[in-house]
Structure formats: C-alpha cells, structure tokens
1. Can you confirm whether the stretch 109-118 contains a residue that is hydroxyl-bearing (Ser, Thr, Tyr) and either at pLDDT below 95 or farther than 24 Å from His201 by Cα (or both)?
2. Please find, among Gly211, Gly199, Gly218, the residue that is at pLDDT 95 or above, among the small types (Gly, Ala, Ser), out of contact with any Leu (no Cβ under 7 Å at 6 or more places or on another chain) and surrounded by 15 or more Cβ atoms within 10 Å (Cβ to Cβ).
3. Kindly list the number of the only condition in (1) in contact (Cβ under 8 Å) with a residue 24 or more places away in the chain; (2) under 30 Å from Arg66 (Cα atoms) that fails for Glu208.
4. Tally time: how many residues in the stretch 252-287 are away from the ligand (no atom under 13 Å from the Cβ) and open to solvent by 20 Å² or more (accessible area, probe 1.4 Å)?
5. In the stretch 231-251, what count of residues is obtained for those that are part of a loop (DSSP other than H, G, I, E, B) and either away from the ligand (no atom under 14 Å from the Cβ) or not small (Gly, Ala, Ser) (or both)?
6. For the stretch 207-230, enumerate the residues that are over 15 Å from Asp265 (Cα atoms) and away from the ligand (no atom under 14 Å from the Cβ).
7. Of the conditions (1) modelled with pLDDT of 95 or more; (2) at negative phi; (3) outside any helix (DSSP H, G or I), Pro184 satisfies every one except a single condition; which number is it?
8. Would a scan of the stretch 324-336 turn up a residue that is closer than 28 Å to Val32 by Cα and either among the small types (Gly, Ala, Ser) or touching a residue at least 60 places away in the same chain (Cβ under 8 Å) (or both)?
Amino acid sequence: MTSWLAGLEERARAVLPAPVHEYVAQGARESVSTGEARPAWAAHRFSPHVLRDVTDVDLGVELLGRRSELPWGVAPTTLQRAVHPDGELAMARATAAAGGLMVVSSNAGTPFADIGATGVRWWVQAYLPADRTLAEPMLARAVEAGAEAVVLTVDTPVVGTKHAVGESIWATVDPALVRVNFGPGHEERPGADKATDLGPHDLDWLRESTGLPVVVKGVLRPDDARRCVDAGASAVWVSNHGGRQLDRVLPTAVALPPVVAAVGDDAEVYVDGGLRSGLDVLAALAAGADAVFLGRPPVWALAEGEEGVARLHAELVEETVEALRLAGCRRVADTRDLLAAPALPAP
Ligand SMILES: Cc1cc2nc3c(=O)[nH]c(=O)nc-3n(C[C@H](O)[C@H](O)[C@H](O)COP(=O)(O)O)c2cc1C
C-alpha cells in the first residue's frame, strides 16, 4: 500500500494523453537533475525533540508580510489547461480553499482576471523578453487582477532541451491554451524572445514598473542570492526548474543551506524541486526555507480536477502535521534545529 501522494503521478499517467504526461514529467537533456531531486531530500536525517506539547500544530507562515495557512505554495507551471479543462481556475479554487498561495505562470492559459476572481492569493511569474517593454501589458494585467508579487525566473536565458520519447506536446496542443495574457501576435514581435542579458537592474525595473515586491526564482549559489538581495529582492527562490534547464546542476536540497546562510534575515528564502511528501516539506523547512513550492505534484493532482488539488493540499497537511508532531514541533519556526548533520551522501 502506498500513500495517495506517492501514487499521484501514476494515476495522472493513466488519464492524461501521453504527450501531456511526458511534458510534465520530463527533465532537460539526460534528466540527471530531475532524477536526483527527491532522493536528495530523503538523504536528510532528523534529530527530533521529545517531551514537548504538540497538541496544537500550526502550519501557517508569514510570506511577504501576509499569513499563508500552508508553508507550501503552487509553483508556476504552463499548460495546466492541457491537463484539465478547468486548468488554472481549478488550481486556484482548491488552493484558495486551503488558504494557500499560487504562483501563476506568465504563459498561463487562463486570463489573470479570472484567476484573481477566484479569491486565491497569487503572485505572477515572469520571463522577461529581450525588449522589456513587451512584458509591460502582461504585468499590468497581473497587477490589476490582484497579483501580490512578481516572481522573476532567472534560470531560462534559453529553454533547456528536452527529448520527447513520443510525440512532442507542442505538435498537439491547442495554442489557445498558452500565453493568453499577452496581446495577440506577441511572439512574432521583434524583441519577444527571452532576454539573454538579465541583470540585477532588471529587479529595479520590475519593482518600479509593477509596484510589487520581486522574488527571484532559479538561484542555486549563495553569491548570486546575495546579489539578488543587494539588488532589492524581497525573496530568493532556490530552484533548478525541476531539472528542466541546465542538467547536472546540484540538487536544491544541497543548494539551500548555503543560500539561507548568505541571505540571513535580509530576505525570505523559498525552495522547490522534488518535494513530494510531508517529510520532504519538513526537511526543507528544517534546512531554513521560509516556504516550499510544488511544481509537478499539483499538476498531477489537477488531472483529477479541483478535487484532486484539494486532496493534494489535505494529504500534505496531514503528513506535515504528523511529521511536525513526531519531531516535537508545533510550528514551522520550531523546525530549524531538526537536521542531524551530516546528511547522508547525496545520490
Ligand atoms: C510542466 C512544467 C511547466 C513549468 N513551467 C514553468 C513556468 O512557466 N515558469 C517557471 O518559472 N517555472 C516553470 N516550471 C518549473 C516549476 O515552477 C518548478 O520550479 C519545478 O517544477 C519544481 O520542481 P518539482 O516539479 O520537482 O516540484 C515548470 C515545471 C513543469 C514541470
């Protein structure tokens, strides 16, 4: 018997068209980083507290000045409407009901206004184009629809190559399911390609043009994390894009602690990549993350519609509360001294 969460991908594979399943599952090039992500979390060992009152456990955390009931959020992912017709709307409704946070891909297939109307707390993710001004209308729509922060993805100067075993999703997917928040003909405009010259000054530009706090997603090095904070980032998001960009990069479970040390209390630190269970969430929180994000799991859950995403949050609450109790912790802040050093060797 395996847990509901552990069976997520297999159940999704059974109902999704093969190219959609493959698109979500795939990693870049040799998929080394995609494969290493989860085992790297499982290499951590806890040193739990005992003789502590764990009657009431609170999973809530403060993120960018506002309480979230969950210490995890939904990471930005494209093509949610290829996974389920309700796409981002189902994701948003279920996440709102759980008191959680959703980051919406700038390539989303649902108008930001409709996502905002669900009442979910949400942040917009952005890839900046070579001509920055081409992103302005999309960003303005996000601000108008209630996005509370902008997440700048910085690990994608070019899209990492992925080799589809079968038919590529791009050959089959309805183009109406992506990038609906850009104006018509956006991709054909000169300067619409992804920027290959992003720099710290882009954080200023984003903050000024949106009036929102900026989160930088895709950082793996402590020196880069520091540069982000010095350039005014409100949070640094440790991520290797689920192993979908540069392959053979270090697992985020390994990258996180030095980033936490470099950032200190100057900004929040988030992490994603391979987090699949309450124990994984506990490991990331114990290693100093202010919150974690889930990429593929909510997408697999979305194959079961809004109910699937609701159940994902509920199962993860149950597992994480149990893990905190067994570790002698009542709240996230109590977890920070739980990791027994050293972790087992990374795979
Ligand atoms: C199908 C898919 C689409 C994604 N699309 C985006 C995107 O549009 N923008 C972005 O910043 N990251 C994107 N990501 C990366 C996720 O936000 C996240 O970093 C990664 O999936 C986390 O790893 P996990 O899937 O192991 O949880 C995507 C990931 C997947 C699997």
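The values are calculated or read from the model by the stated rules, or taken from the named source; none is laboratory data. Worth saying up front: this structure is predicted, and the values here are computed from it rather than measured. Glycine gets a Cβ as well: all are built from the backbone with ideal geometry, and neighbour counts include every protein chain shown. Calculation scope for accessible area: heavy atoms of the full protein, side chains included, ligands and nucleic acids excluded. Shrake-Rupley method; radii C 1.70, N 1.55, O 1.52, S 1.80 Å.
1. First, pick out the residues of the stretch 109-118 that are hydroxyl-bearing (Ser, Thr, Tyr): 110, 118.
Filter again for either at pLDDT below 95 or farther than 24 Å from His201 by Cα (or both), leaving 110, 118.
Among the residues of the stretch 109-118, at least one is hydroxyl-bearing (Ser, Thr, Tyr) and either at pLDDT below 95 or farther than 24 Å from His201 by Cα (or both), which makes the answer yes.
2. Numbers: Gly211 fails: surrounded by 15 or more Cβ atoms within 10 Å (Cβ to Cβ); Gly199 fails: surrounded by 15 or more Cβ atoms within 10 Å (Cβ to Cβ).
Answer to the selection: Gly218.
3. (1)
4. Within the stretch 252-287, residues that are away from the ligand (no atom under 13 Å from the Cβ) and open to solvent by 20 Å² or more (accessible area, probe 1.4 Å) number 11.
5. Residues of the stretch 231-251 that are part of a loop (DSSP other than H, G, I, E, B), as a first pass: 231-234, 239-240, 244-251.
If we keep only those that are either away from the ligand (no atom under 14 Å from the Cβ) or not small (Gly, Ala, Ser) (or both) too, we end up with 231-234, 240, 244-251.
The number of residues fulfilling the criteria is 13.
6. The answer is Arg207, Glu208, Ser209, Thr210, Gly211, Leu212, Pro213, Arg221, Asp223, Asp224.
7. (1)
8. Going residue by residue through the stretch 324-336, those that are closer than 28 Å to Val32 by Cα are none.
Among the residues of the stretch 324-336, not one is closer than 28 Å to Val32 by Cα and either among the small types (Gly, Ala, Ser) or touching a residue at least 60 places away in the same chain (Cβ under 8 Å) (or both), which makes the answer no.
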